[in-house]
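Working notes, structure below.
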Amino acid sequence: SRFETCWPALMKDSHGVIIIFNPELPSHLKEIEMWYSCFVQQQPLLDSQCLLVAHHKPGSAGDMENLSLAYPLNKLKLIHSNLEEDPEDVRMEFIKYFRSIITLMNESREREEMSIIS
């Protein structure tokens, strides 16, 4: 893609990756494997630092329950967003995700401080 040269700068020191995709586009389902590989596995980040968001457009008849992703994407936290129907639900999921990232960051900082002390 045109932006691949920017990826290393985007990835540098990142603590989390959110991948938003349209579950009704088969091409998106292939692309998220590539994004996951580049931005999560190669960094390397933990799977818990990655959030998948299947975004359903207003009026789309997308089947929200039966989206089955192949390994390794099926190990990731997946939320469905439909801002017409349940924006509050999505907001709560984002807050949970950000809290988990902050917890991880704090834990790794504490480990670093302990290793400096000892």
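Looking at the chain, the accessible area is 70 square angstrom per residue; that uses a 1.4 Å probe and ignores ligands, DNA and RNA.
Per the 1.4 Å probe, what fraction of the accessible area of region 7-117, in percent, lies on carbon and sulfur atoms?
Values: 4260 of 7420 Å².
In region 7-117, the share of accessible area belonging to carbon and sulfur is 57 percent.
Highest mean first, what order results for 82-94, 45-57, 3-15 on Cβ atoms within 10 Å?
On the way: 82-94: 13.5, 45-57: 18.0, 3-15: 9.7.
Ranked by mean Cβ neighbours within 10 Å, highest first: 45-57, 82-94, 3-15.
Net length available on complete extension from residue 48 to residue 108 is 20.2 nm, with 0.36 nm assigned per residue and the Cα-Cα distance removed. One entry in [x] 2, 9, 9, 10, 8, 7, 7, 5, 5, 5, 4, 4, 4, 4, 3, 3, 3, 2, 2, 2, 1, 1, 0, 0; [y] 2, 10, 15, 15, 17, 17, 13, 7, 3, 1, 0; [z] 2, 10, 18, 19, 19, 15, 9, 4, 2, 1, 1, 0 is P(r) over Cα pairs in 5 Å bins from 0, in percent calculated from the shown coordinates; its label is [z].
A Förster radius of 22 Å, combined with the Cβ-Cβ distance separating residue 94 from residue 5, puts the computed FRET efficiency at roughly 0.15.
The values are calculated or read from the model by the stated rules, or taken from the named source; none is laboratory data. Because the structure is predicted, anything quoted here is derived from the model rather than measured. Glycine gets a Cβ as well: all are built from the backbone with ideal geometry, and neighbour counts include every protein chain shown. Note: areas computed on protein heavy atoms with side chains; ligands, DNA, RNA excluded. Shrake-Rupley method; radii C 1.70, N 1.55, O 1.52, S 1.80 Å.
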